[in-house]
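Presented below is the structure to which this report refers.
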């Protein structure tokens, strides 16, 4: 075990974390791939150039994707026979790390391999793999993922593009019926894509079989649109300007029958439709679910981007001094308010990193085939839908607070924070709008909750009698509480006797359970109402349902944090991380303190103590802040922000020397005498 | 009175606002100047070009400042004898409106006239005015305002640049002693400024008389730095890239004695220092206070930028449909969650607009000389320090929520929201970091609170006995409660009997009073402690003090909103605005519901009702949302966002026609038959 150096006598008395051990824990299951990716992106060729004009930035991002191919970093998920590594979790981990090089590269890669390539792999079958997979992996076939339409973002089921089968020619005819049906916001579509995986309503023999995906060539070798294909550039965006987003539309574009990616639905030569999934609804959600990796990887990228921001802000706050406190100027991080701004957010990044690794494991288990069941797929989708909104919203909050905590210096592009903020902005609405995703989670929680009342009467009675009723939806779906969160041994190390780990858990879990029960009770009349009135009732409680879904995701993060601490061997490290976990847990409780008070879960006395616990935890963790961000293990080539380079400390020392020399010289000006009264 | 058209039977039954009357109220005291400015910036020459490369954007902003001169919009604040209009409040109102043209133009103008020109006007005397005021006003003399240093942002008193008087030459010698003393983040300094108002420690006869301001030429006519002056460009920033920020440093740069802007401190030929203000501390704060207009105008610009964002998001949410609800696709604004996202923020913009007009009136009263007392200056500074943090932080929140509420379309630069967000970002840390400003307010509140205990014992006893003790600081400083907030006649129109206007006020004001009393009690031992321990005690309560300052600012906004409603004649308009004010007030109460519960100000039953009141107010205001944003009175040349242009509605109608025609033709594909069980 490596013990970090202690800097002061006070420090020496206190536990310090074992930084390398914490790094291992944070990097998680695919630490090796993460380290490989970080090593690769030390090459300045991968770095975002701040202020670069859009056209050049796009060209640079394109070239970077070719560099990824050269480094063998583009096809880890593909089957070995197509040059891949058959490594699902590691593949996403590697891509996530690109966010600190340039989020545009991360997203352009995500479009090419996580969406376009993945659609071929997941929705296509062997002939498609044989024909396109290697070319896509090696960037000989840059592609767009044409799902979203101007008129339909989140509601994919209602897209209007049609693919009508013509049995005489054995071709599908792709058509855009009106302006709102143009495909929109598609990465790579603005300039570089030569093909697209196009989602359209499959119509054959006069019947619409719902949304399917088709491989459609769109540009010739000179970059001109093929006949019948049109489009336009989406123009400048709020960030990610290295990605060439654009619009596409189709007018009678014909593709061979074989271009239907036919894993979940096929059309025979005579136009007969067939599918291994009889239910149109389940078929649709299975196809969309095959593309969940986008959401999964955004959760990781948002978390690691947040870690970079915390690294910059904490390092600067630990060097920068401002205002004389009587004993020389004070470090920013010594201010109570500054601690309150940064420390809880640092705790959040930790929680997210641990929760994300669990999500990746789940993803890997399903997509590697090791545990590919319907239930697991649904759990995975719900887990991704719960975590991605939290981490992407948190990223915007964390990066912004970091930028403000660095003052004017934080606003300079060279210090990375504003660029990161701009690039991460769209993460909250793409790959599933966060509010829409939370609604999915909420509906799943409601469904799980309802299940307990739908079994044999004896089971229902038993569940209710056992007071475990409220937990059934929890156990049924997202996390096996009994399996993972068992050992509350960390309790004894909680800093405050008032709210130990199990009490934090009770409050957080109790809130989710009660909120779902309340919404369920409020919605019970809906089934007996006409559809419009039922929808109106649901709408009245939409805000509450989303709040419950959010609380559920936060609970999962808290549990993942707690489980991760149990896996740490070093006792001192566990102590400090338990403080950090307590800060995370108490922060969640403080955020909804009014709920716990109204629900009678906390007395006013105990509730009043929560904020001062948090203040004390912030102060206690202050001396660990640098260690905790150092454990993210970013090197200078990843951080790059001049304010986090030590330059600030050098400037301060130079200033101190100047004043010391001046005083010693006897030439220092005197202070203005006090005015005579 | 103009009554707006009613669109549905339900609308017809309900009150509608008198839009022009509300516009008048929002535009406030200087509505005329605002309208003039808005008319001027209909010219596309003033519009920000999204995605424009930095060099071109800077050039464009420079040219726009010349256009302002041509329109006579640059010197409204100057004395008439220098070609000005002697209109203090109107001058700021006019500049604030530029934010919807391009925030870079607003800030570049602010640097030139609100800081550089204003330093000459406010800190200089007649010879300075004669020599430079017209040239600065007419952009023949572009200047930088050189106060902030790399090493000292908020703590101006500690800047390290020196201006040492040389009596032999009758010159000041300006020096930058070390790297941390470089002037930094200065608008116009990167490229365009030919002179700067430089803040430096004035040293004469071996004594440092503290920070003073000097007029220093920095560039020759060809744009080269003059001898002894150096600097560099700050490079790309997170926004406002039309402003050329830069750094400056000085090595033995000599300026004539007359270049000291000597209104508050002068040096005679022989080096003798004199000042009309004996106390060095008061002199310093008086000089800084003379430059308060930057903060005042940011409050207005942030508010009107937020109004633009709400206009875009509400208009789009009122046209865009998504997901079929059983009765056709639902407008976004019909969703409960969407209402919860937008309506409270709309209420906040209203509160801010009304509060800002009061701030402008106060500013005008002081700077026009009509009510220029020490007390009024201090009140003005405290009021600006209370409101600017709230409105600038709110702007980031409001613009971001608006962008997310517009989904992917919101991320396209053409729809304005991301650019606005990036440009407004730095408003929260410049012209006084928001946290530092709130601390100023907090300290003022503490001082006012303490005063009640420092008077003659009889007064103290009377105050305590009268239960008005807690209000003394309130009456002493920021707002004469008895003068303005008298008539609670709007109460009867409050939508909920549960929390009428006076109850909202009691809760909001009671919270400020109690929080300040609590912090004061906690800090009482500080005066008896050694300085470092006293500072540590203060630090422990810093977060609470800032929260109290924030609550104080929110109360002022609430009061301003309430007073503004009283000035509206039309009863229906008052009704709707009272709902909106209730939404604002209840939103503030909900945000800190835990405080009111813990303090025993609200029972759990009443507290639990607050959120459902808010839900109902949101739903009730939904049909007024368009009217309420239309009252901001932005025209297409101000809005410019394609998604708020009606194009979305046209696309929806085209899609609906397509499906109707298809159905009528009998050629519509059939739905997939349900699978056989």
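The numbers here are math on the coordinates, done by the rules we state, and not lab data. Computed from a prediction, not measured in an experiment: that's the story for all the values here. Please note: Cβ atoms are built from the backbone with ideal geometry, for glycine as well, and neighbour counts cover all protein chains shown.
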- Alpha carbon centre of the stretch B:176-248 versus the stretch A:513-572: separation in Å? 55 Å
- Query: Could you give the distance between the Cα centres of the stretch A:29-54 and the stretch A:597-629, to the whole Å?
  - Reply: 36 Å
- Message: Taking the Cα centroid of the stretch A:330-402 and of the stretch B:383-456, what is the distance between the two, rounded to the nearest whole Å?
- Response: 28 Å
- Message: If I model a spin label at residue B:566 and residue A:656 as a point 7 Å from the Cα along the Cα→Cβ vector, what separation in nanometres do I get?
- Response: 5.6 nm
- Report, in degrees rounded to the nearest 10, the 0 to 90 angle that the Cα long axis of helix B:374-405 makes with the longest principal axis of chain B. 40 degrees
- Query: Shortest first, in nm, what separates the label point of residue A:659 from those of the same position in the other copies (7 Å along Cα→Cβ)?
  - Reply: 7.0
- Note on the structure: Of all DSSP beta bridges having both residues in the protein assembly as shown, the percent classed as antiparallel (nearest 5) is 80 percent
- Task: Assign one of three labels to the stretch A:73-172, namely rounded, prolate or oblate, based on the Cα gyration tensor with a ≥ b ≥ c the square roots of its eigenvalues; rounded applies when a/c is under 1.5, prolate when it is not and a/b is larger than b/c, and oblate otherwise.
- Result: oblate
- Item | Cα convex hull of the stretch A:336-447, projected area averaged across orientations, nm² | 8.6 nm²
- List the relative contact order of chain A as a percent without decimals, with contacts defined as Cα pairs under 8 Å and 6+ residues apart. 15 percent
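Going by the alpha-carbon gyration tensor, a ≥ b ≥ c the square roots of its eigenvalues, is the stretch B:317-400 rounded (a/c under 1.5) or, if a/c is not under 1.5, prolate (a/b greater than b/c) versus oblate?
Prolate, since a/c reaches 1.5 and a/b exceeds b/c.
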- To the nearest 0.05, the calculated FRET efficiency linking residue A:528 and residue A:368 through their beta-carbon distance, R0 being 35 Å, is 0.20
- Task: Using R₀ = 51 Å, calculate the FRET efficiency as 1/(1 + (r/R₀)^6) where r is the Cβ-Cβ separation of residue B:375 and residue A:49; round to 0.05.
- Result: 0.45
- Hey, what did the stretch A:230-279 get for relative contact order, percent, Cα under 8 Å, at least 6 apart? 24 percent
- Message: For the stretch A:145-279, take every pair of Cα atoms, bin their distances at 10 Å starting from 0, and report each bin as a whole percent.
- Response: 13, 44, 32, 10, 2
- Item | Cα long-axis angle, helix A:31-40 against chain A (0 to 90 degrees, to the nearest 10) | 90 degrees
- Message: Between 0 and 90 degrees, rounded to the nearest ten: what's the tilt of helix B:647-665 against the longest Cα principal axis of chain B?
- Response: 20 degrees
- By the Cα gyration tensor axes a ≥ b ≥ c (a/c under 1.5 gives rounded; else a/b larger than b/c gives prolate, otherwise oblate), the shape of chain A is oblate
- How much length, in nm to one decimal, is gained on full extension between residue A:502 and residue A:222, taken as 0.36 nm per residue of separation minus their Cα-Cα distance? 94.5 nm
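Rounded to the nearest 500, what is the 222 nm mean residue ellipticity of chain A from helices alone, with -39500 (n - 2.57) per DSSP H run of 4+ residues and division by all residues?
Value at 222 nm, helices only: -16500 deg cm²/dmol.
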- How many nm is it between the label spots at residue B:664 and residue A:604, if each spot is 7 Å from the Cα in line with the beta carbon? 6.7 nm
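Give the relative contact order (percent, whole number) for the stretch B:144-289; include only Cα pairs under 8 Å separated by 6+ residues.
26 percent
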- Item | Exercise: per-residue mean of other protein chain Cβ atoms within 10 Å, A:402-415 | 6
- Message: Just to be sure I understand the model, the point goes 7 Å from the Cα along the line to the Cβ. What's the resulting residue B:138 to residue A:268 distance in nm?
- Response: 8.9 nm
- Note on the structure: the stretch A:632-677: Kirkwood hydrodynamic radius (Cα pairs, Å) comes out at 14.0 Å
- In peptide B:239-251, what is the residue-averaged number of other protein chain Cβ atoms found within 10 Å of each Cβ? 1
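Once you average over the residues of A:655-667, how many Cβ atoms of partner chains fall within 10 Å of each Cβ?
2
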- Please state, rounded to one decimal and in Å, the Kirkwood hydrodynamic radius that the protein assembly as shown gives when every pair of distinct Cα atoms enters the mean of 1/r. 33.0 Å
- Inter-copy label distances at residue B:43 (7 Å, Cα→Cβ; nm, one decimal): 5.2
- Among DSSP beta bridges whose residues both lie in the stretch A:145-279, state the antiparallel percentage, nearest 5. 85 percent
